[in-house]
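Trainee: Structure incoming, see below.
The values are calculated or read from the model by the stated rules, or taken from the named source; none is laboratory data. Please read these numbers as outputs of a predicted model, since none were measured by experiment. Here the Cβ positions follow ideal geometry from the backbone for every residue, glycine too, while neighbour counts run over all protein chains shown.
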Amino acid sequence: MLKRSIHIIVALLLALTAQATSLLSDSSAVYLLTCSPGEALYERYGHTALLVQDPVMGIDEVYNYGIFDFEAEHFYWRFVRGETYYQLGRQHTGSFVRTYTYGNRRVNIQQLNLTLDQREALYRALLTNYLPENRVYLYNFVFDNCATRPFLLLMRAIGGNDSTAVSSAFTGATGITYRTFIRHYTPQGSWGDLGINLIFGPRADKQMTDAERLFLPEEVMWYLHEARFADGTPLVSAENIRPFEVEHIPWYKTWYFGLSLLFVALVVLSYYDRRRHRRTHWVDYIFYGVYALLLVLVIFLTFFSVHPLVGFSPYLPLIPSLHLCARIVYLWR
């Protein structure tokens with residue numbers, strides 16, 4: 001009888017201790033937030049954050065791995081080198097949502113079907129990551145960003161090292177190249193689209209695997225939409241999501257049209273130079289300067305930066321070829 005009483009007392013003490021150290025209650029919930037693209041180039045790919053709510057504990061916090069400071073020392077130099085440091089931010093849900101809705105960006109929401117232990121593990125991981133010594137990290141657009149970090153934390157909270165704890169039928173961009181996939185989120189024909197083609201090298205033409213494609217927010221969102229636990233239970237219990245809408249620009253704002261106008265202008269100039277038997281050298285010098293700067297930039301990005309996809313692109317000869325073809329008119333007899 002005494003032994004049984006001791007066991008009961010020990011069990012009660014353990015239960016009270018667990019309750020005292022618990023950070024979340026049974027009323028808690030965890031959500032994945034996926035923000036639609038914005039107008040700025042760095043906003044074109046959307047954004048991911050994790051929301052933890054618990055009305056009993058008074059918790060209403062969004063954890064966002066996309067915080068950076070333009071005013072940081074040597075920010076632009078580090079950005080060019082690929083040494084941009086981002087950090088984990090924490091803010092109230094209302095403040096986070098207002099920030100994105102003010103920019104006409106939709107916030108998609110998915111409630112994650114996690115047990116209390118899994119929610120607790122994920123929340124503790126977020127709190128650990130938010131410590132001053134942990135919150136800053138070296139951002140990498142493809143391998144370590146605002147979408148990959150929440151996704152990996154979620155997977156670890158669910159299954160630890162068990163990669164089979166969750167599976168998804170969503171294939172998304174599997175088998176598509178990095179270049180094609182990234183260009184999907186940039187308005188086709190925009191000058192940003194041309195820039196991507198000019199600085200992305202052969203590594204950007206590698207086909208992505210299942211794991212590699214999950215570096216963009218929308219891809220993670222649709223992966224979770226289709227995700228199931230080993231017993232077939234959906235990972236997402238409730239959601240309000242929509243596909244990203246990519247802006248379409250008019251033809252007269254495309255780089256195709258812009259370069260066509262440039263080509264025609266150079267042809268007219270070359271014909272004029274031929275008629276007067278004198279070449280307008282300063283125009284060519286400007287183009288030579290642009291080519292030199294572009295070549296120096298690509299060499300620097302290829303050999304002296306840590307950007308993963310940049311290199312000597314097959315698109316690099318495009319503008320010099322147009323220039324050469326147009327100026328041949330001057331030499332033609």
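Trainee: What's the number of the condition Tyr139 fails, among (1) buried (at least 16 other Cβ atoms within 10 Å of the Cβ); (2) hydroxyl-bearing (Ser, Thr, Tyr); (3) touching a helix residue (DSSP H, G or I) at 6+ places or on another chain (Cβ under 9 Å)?
Mentor: Every condition holds for Tyr139 apart from (3).
Trainee: Applying the selection to the stretch 315-333, what residues are exposed (fewer than 12 other Cβ atoms within 10 Å of the Cβ) and either closer than 14 Å to Ile199 by Cα or touching a His at 6+ places or on another chain (Cβ under 9 Å) (or both)?
Mentor: Pro317
Every residue, every condition in (1) in contact (Cβ under 8 Å) with a residue 24 or more places away in the chain; (2) surrounded by 11 or more Cβ atoms within 10 Å (Cβ to Cβ); (3) not hydroxyl-bearing (Ser, Thr, Tyr), yes or no:
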residue: Val290; (1), (2), (3): yes, yes, yes
residue: Leu294; (1), (2), (3): yes, yes, yes
residue: Ile299; (1), (2), (3): no, yes, yes
residue: Phe303; (1), (2), (3): no, no, yes
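Trainee: A further question follows. Could you list all residues from the stretch 25-67 that are aliphatic (A, V, I, L, M) and either crowded, with 22+ Cβ neighbours inside 10 Å or not in a loop (DSSP other than H, G, I, E, B) (or both)? Before you say what the answer is, go through the steps one by one.
Mentor: Looking only at the stretch 25-67, we keep the residues that are aliphatic (A, V, I, L, M), and these are 29-30, 32-33, 40-41, 49-52, 56-57, 59, 62, 67.
If the condition is that a residue be aliphatic (A, V, I, L, M) and either crowded, with 22+ Cβ neighbours inside 10 Å or not in a loop (DSSP other than H, G, I, E, B) (or both), then Ala29, Val30, Leu32, Leu33, Leu41, Ala49, Leu50, Leu51, Val52, Ile59, Val62, Ile67 are the ones that fit.
Trainee: State all residues of the stretch 78-137 that are touching a residue at least 60 places away in the same chain (Cβ under 8 Å), aliphatic (A, V, I, L, M) and assigned to a helix (DSSP H, G or I); if no residue qualifies, say none.
Mentor: Hits for the stretch 78-137 are Val80, Leu116, Leu122, Leu126, Leu127.
Trainee: From the list Leu235, Leu262, Leu316, pick out the single residue that is assigned by TED's automatic domain parsing to the domain that holds Asn113, at negative phi and among the aliphatic types (A, V, I, L, M).
Mentor: Details: Leu262 fails: assigned by TED's automatic domain parsing to the domain that holds Asn113; Leu316 fails: assigned by TED's automatic domain parsing to the domain that holds Asn113.
Checking each option against the conditions leaves just Leu235.
Trainee: Name the single residue that is surrounded by the most Cβ atoms within 10 Å (Cβ to Cβ) among those in the stretch 232-251 being of a type outside the set (Gly, Ala, Ser) and under 15 Å from Leu112 (Cα atoms).
Mentor: From the stretch 232-251, those of a type outside the set (Gly, Ala, Ser) are 233-236, 239-251; that's our starting set.
Filter once more, keeping what is under 15 Å from Leu112 (Cα atoms): 233-236, 239-241.
Numbers: Thr233: 11, Pro234: 15, Leu235: 22, Val236: 19, Glu239: 17, Asn240: 10, Ile241: 17.
That would be Leu235.
Trainee: Please find, among Phe244, Phe215, Phe170, the residue that is under 20 Å from Thr48 (Cβ atoms) and without any contact (Cβ under 8 Å) to a residue 60 or more places away in the chain.
Mentor: Working: Phe244 fails: without any contact (Cβ under 8 Å) to a residue 60 or more places away in the chain; Phe215 fails: without any contact (Cβ under 8 Å) to a residue 60 or more places away in the chain.
Testing whether each residue is under 20 Å from Thr48 (Cβ atoms) and without any contact (Cβ under 8 Å) to a residue 60 or more places away in the chain leaves just Phe170.
Trainee: Do the conditions hold for Leu127, that is, is it out of contact with any helix residue (DSSP H, G or I) (no Cβ under 9 Å at 6 or more places or on another chain), surrounded by fewer than 17 Cβ atoms within 10 Å (Cβ to Cβ) and farther than 30 Å from Thr302 by Cβ? Talk me through it step by step, then tell me what you get.
Mentor: Details: out of contact with any helix residue (DSSP H, G or I) (no Cβ under 9 Å at 6 or more places or on another chain): yes; surrounded by fewer than 17 Cβ atoms within 10 Å (Cβ to Cβ): yes; farther than 30 Å from Thr302 by Cβ: yes.
Spelling it out, Leu127 is indeed out of contact with any helix residue (DSSP H, G or I) (no Cβ under 9 Å at 6 or more places or on another chain), surrounded by fewer than 17 Cβ atoms within 10 Å (Cβ to Cβ) and farther than 30 Å from Thr302 by Cβ.
Trainee: Please go through (1) loosely packed, with under 15 Cβ neighbours inside 10 Å; (2) touching a Ser or Thr at 6+ places or on another chain (Cβ under 6 Å); (3) closer than 21 Å to Glu43 by Cβ for Gln207 and return the number of the only condition it doesn't satisfy.
Mentor: (3)
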